[in-house]
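Colleague: Submitted below is the structure of interest, expressed as structure tokens.
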Amino acid sequence: MQNIDDIFKSRVNDYHYNTSYPLTPQHWQKYKTNRQLSFADIKDYSWYIHIPFCKTLCKFCEYTRFKAIDSEAEKHYLKIISNDIANFINQNNTKEAILHGLDIGGGTPSALSHSSLYELMLMANDYADLLTKAGDFCGSIEGSFNTIDEEKIRIIANNAKNIKRMSFGLQSSAHLMKGLNRNNGSVKHMVKVFDWCRRYGIKILNIDLMYGLPNQSKEDITTVMAIVKELMPEHITIYEYRTNMLKGDMPSDVDTRYMQYSQLFNLISDLNYDGHFGGNTFSRISDDGLSSYLHHRMIENGSYKGFGIAAQSKICNGLSYNIGKGGETLKDCMAHDTFEADSQTYILPPQEMLAKYLAISGYYGKFRLSKMNDIIGHNSMKAFKSEFEYLLNNKMIAIDHDWISITKEGFKYYGAILSLFYPHEVTPTT
Ligand SMILES: C[S@@+](CC[C@H](N)C(=O)[O-])C[C@H]1O[C@@H](n2cnc3c(N)ncnc32)[C@H](O)[C@@H]1O
Ligand code: SF4
């Protein structure tokens, strides 16, 4: 049996250890079940609606997404989602449930036609209104600069009062994006989009940035941060490029990614955003930079129900993925009258649930002892005594009351750190 130091060192340069879990789709095969995940006894959760359509398909993207379709087909897609939400409400005692968040993501929800976006906003809002919402509820929707216009912003703001946050991907410089099949348009257009959002009442705006992209340079990061400075979104989210679901290796090494993260962190801090080193979210409005769906999912280890193709759902002892996750075509998925047909459900032991929680929290660069204890049903400091000792002695983590944070030194190897708490037999090749 290898000791912890050997295991850790063998993983520090392995890019498969990131915020994705499980490390291979096969790993959970033994936990697969024909039963659906049941939310009947769950009283706190959030919802996610997946709109998989995009105007163009960026080369770097590993989400389930398809080239935009015609408005009639979009409406058919929305109809299936509407039926799935209605069934969820009928099958579960939603009158007693608290809805903590609602994120509409993709893909690109703003790539929908005006009439489809209008239908989606009414549907999402009306269904969310059937539930009691948590005090910090803040619905959020994703968009892209090359699909949004003033009318779409008006449709969102006027018809979905539960949506108060909008997130736009910028990623990196226009020059780099061009080679990756993405065009965000002019800075002038972006400024106009932000003005419209604020004028119509979408108060919290987020910009997504990426690092670790193929051929990304220091200048690409400086250039994109100059645009961020003009826009001054309320939230900034930075994503490390992941290739787990894409063909091909990681284009950068661990030192380059660490340097790029540090560059972004410093430039974002210079603009007076709050955030901690190792975290992916930043805010200038005294919150954690997350939508309430993401807050409930990442920080509270909450349950969530996903609607739409490939959407993920989670409860305390299992996860499921709707049809589409297995690589089915859009036509295959749309041939059903529910996206829960042929879904993949896994009932998982506590150690797998813990691994999933840690991978999800990896985005935030911090996780909580109390959540770890809840998941495994006993004291995690005892259960992982040697792992904690190793990480604390090597100053990879720091513990402050309930919070375990990955230190500045440790962040370079965050994937290897998280992996020490994964079940031992798990590797990217098993
Ligand atoms: C679900 S995507 C949708 C956002 C929207 N369609 C857009 O592109 O602006 C959310 C974010 O994930 C990030 N992302 C996309 N592909 C990624 C990858 N391969 N690795 C890590 N992050 C990725 C991007 O920053 C993107 O803005
Ligand atoms: S990054 Fe956004 S726009 Fe690009 S393919 Fe992915 S979901 Fe679509």
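Colleague: Ordered by packing density, taken as the mean number of other Cβ atoms within 10 Å over each peptide's residues, highest first, how do 46-53, 29-36 rank?
Modeller: 46-53, 29-36
Colleague: Using a probe of 1.4 angstrom, how much of the accessible area of the chain is carbon and sulfur, in percent?
Modeller: It is 50 percent, rounded to a whole number.
Colleague: While we're here: Is there a quick way to get the dipole size of the chain? I mean about its Cα centre, with the Cβ of Lys and Arg at +1 and of Asp and Glu at -1; what is the value in debye to the nearest 20?
Modeller: 300
Colleague: Once amide H atoms are built 1.01 Å from N in the peptide plane, which residues 5 or more positions from I51, or in another chain, come under 5 Å H to H?
Modeller: Long-range HN contacts for I51: G105, G106.
Colleague: Nearest-5 percent of antiparallel DSSP beta bridges in the chain?
Modeller: Antiparallel: roughly 40 percent of the beta bridges in the chain.
Colleague: Based on the mean of other beta carbon atoms within 10 Å per residue, what is the order of 156-163, 197-204, 354-361, most packed first?
Modeller: 354-361, 156-163, 197-204
Colleague: Calculate the dipole size of the range 44-297 relative to its Cα centre from +1 charges on Lys and Arg beta carbons and -1 charges on Asp and Glu beta carbons; express the result in debye to the nearest 20.
Modeller: 480
Colleague: Of all the Cα-Cα pairs you can form in the range 209-316, what percent are over 20 Å apart?
Modeller: 51
Colleague: Leaving out ligands and nucleic acids, note down the accessible area per residue over the range 329-430 with a 1.4 angstrom probe, in whole Å².
Modeller: Accessible area per residue, the range 329-430: 43 Å².
Colleague: Report the charge-dipole magnitude of the range 76-214 in Debye, nearest 20, computed about the Cα centre from +1 at each Lys and Arg Cβ and -1 at each Asp and Glu Cβ.
Modeller: 440
Colleague: Once you have the Cα-Cα distance between S71 and M381, take 0.36 nm times their residue separation minus that, and quote the gain in nm to one decimal.
Modeller: Stretched out fully, the S71 to M381 stretch lengthens by 106.2 nm.
Colleague: Shifting gears a bit: Mean residue ellipticity at 222 nm from the helices of the chain, using -39,500 (n - 2.57) per DSSP H segment of n ≥ 4 over the full residue count, to the nearest 500 deg cm²/dmol?
Modeller: It lands at -10500 deg cm²/dmol.
Colleague: Residues of the range 216-242 with the amide nitrogen closer than 20 Å to a label point 7 Å from the Cα of S286, along Cα-to-Cβ, please.
Modeller: Answer for the range 216-242: 233-236.
Colleague: What is the ratio of the Cα radius of gyration of the chain to 2.2 N^0.38 Å, with N the residue count, to two decimals?
Modeller: With N residues counted in the chain, Rg over 2.2 N^0.38 Å equals 0.95.
Colleague: May I pose another question? Of N322, A73, A86, which is farthest along the charge dipole of the chain in the positive direction, counting Lys and Arg as +1 and Asp and Glu as -1 at C-beta?
Modeller: Toward the positive end, the furthest listed residue is A73.
Colleague: Sticking with this one: Grab the beta carbon distance between T222 and Q91, set R0 = 60 Å, and tell me the FRET efficiency rounded to 0.05.
Modeller: 0.70
Colleague: Given the options L78, L130, L99, which has the most mean-square fluctuation in a GNM of the chain, springs set between C-alpha atoms less than 10 angstrom apart?
Modeller: L130
Colleague: Hey, another quick one. Would you mind telling me which residue in H336, H100, H401 has the biggest mean-square fluctuation in a Gaussian network model of the chain, where springs connect alpha carbons within a distance under 10 angstrom?
Modeller: H401
Colleague: Provide the net charge surrounding A128, with neighbours chosen by a C-beta distance below 13 Å and charges set as Lys +1, Arg +1, Asp -1, Glu -1.
Modeller: +1
Colleague: Please calculate how many Å² of accessible area the range 44-297 carries per residue, with a 1.4 Å probe and no DNA, RNA or ligand atoms counted.
Modeller: 40
Colleague: The range 294-363 to the range 150-209: how many Å between their Cα centroids?
Modeller: 27
Colleague: Given R₀ = 25 Å, what would the calculated FRET efficiency be for L122 paired with K55, taking r from the Cβ atoms and rounding to 0.05?
Modeller: 0.60
Colleague: Tell me, in nm to one decimal, what length is gained between A40 and W403 on full extension, where the rule is 0.36 nm per residue of separation less the Cα-Cα distance?
Modeller: That pair, A40 and W403, stretches by 127.6 nm at full extension.
Colleague: Say each of I4 and N83 gets a label point 7 Å from the Cα, pointing the same way as Cα to Cβ; how far apart are those two points in nm?
Modeller: 5.2
Colleague: Give the residue from L112, N215, I268 lying farthest towards the positive end of the charge dipole for the range 44-297; charges sit on Cβ (+1 for Lys and Arg, -1 for Asp and Glu) and the dipole is referred to the Cα centre.
Modeller: Farthest towards the positive end: L112.
The values are calculated or read from the model by the stated rules, or taken from the named source; none is laboratory data. Here the structure is a predicted model, which means the values were calculated and not measured. Note that each Cβ is placed from the backbone with ideal geometry, even for glycine, and that neighbours are counted across all protein chains shown. For the accessible areas, the whole protein counts, side chains as well, though only heavy atoms, and no ligand, DNA or RNA atoms are used. Shrake-Rupley method; radii C 1.70, N 1.55, O 1.52, S 1.80 Å.
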